[in-house]
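Asker: This is the structure I want to talk about, given as structure tokens.
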Amino acid sequence: MVNAIKNDFVASTVNVSVGGGITGALLLSIFNILGSMIGSAIIALIIIAIGFMFIFNLGINDISNILNDYINKLKKQV
């Protein structure tokens with residue numbers, strides 16, 4: 001199985017289905033019922049942001065400060 005996946009990766013093709021995306025499809029089906037595709041996209045962006053916060057060990061205050069600095073720079077340019 002690993003060799004088949006490696007061969008697919010090297011050849012840039014997909015000949016073996018490994019079941020990737022099942023978790024994403026499940027989450028989309030749940031959140032799509034709750035709030036359409038736009039709601040699903042917003043929830044996905046929130047989940048991605050939380051993931052980056054965990055990866056880079058950032059808190060809400062850190063994110064807020066970064067966004068405020070960025071907005072202030074944009075205001076100075078205009």
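Asker: Provide the descending list of Cα extents for the stretch 30-78 along its principal axes, expressed in whole angstroms.
Answerer: 42, 29, 12
Asker: Another question, if that's okay. For L26, tell me the accessible area in Å² from a 1.4 Å probe, rounded to the nearest 10.
Answerer: Here the residue's solvent-accessible area equals roughly 100 Å².
The values are calculated or read from the model by the stated rules, or taken from the named source; none is laboratory data. Predicted, not measured: the structure shown is a model, and the values here were computed from it. Just the protein is used for accessible areas: all its heavy atoms, side chains included, with ligands, DNA and RNA removed. Shrake-Rupley method; radii C 1.70, N 1.55, O 1.52, S 1.80 Å.
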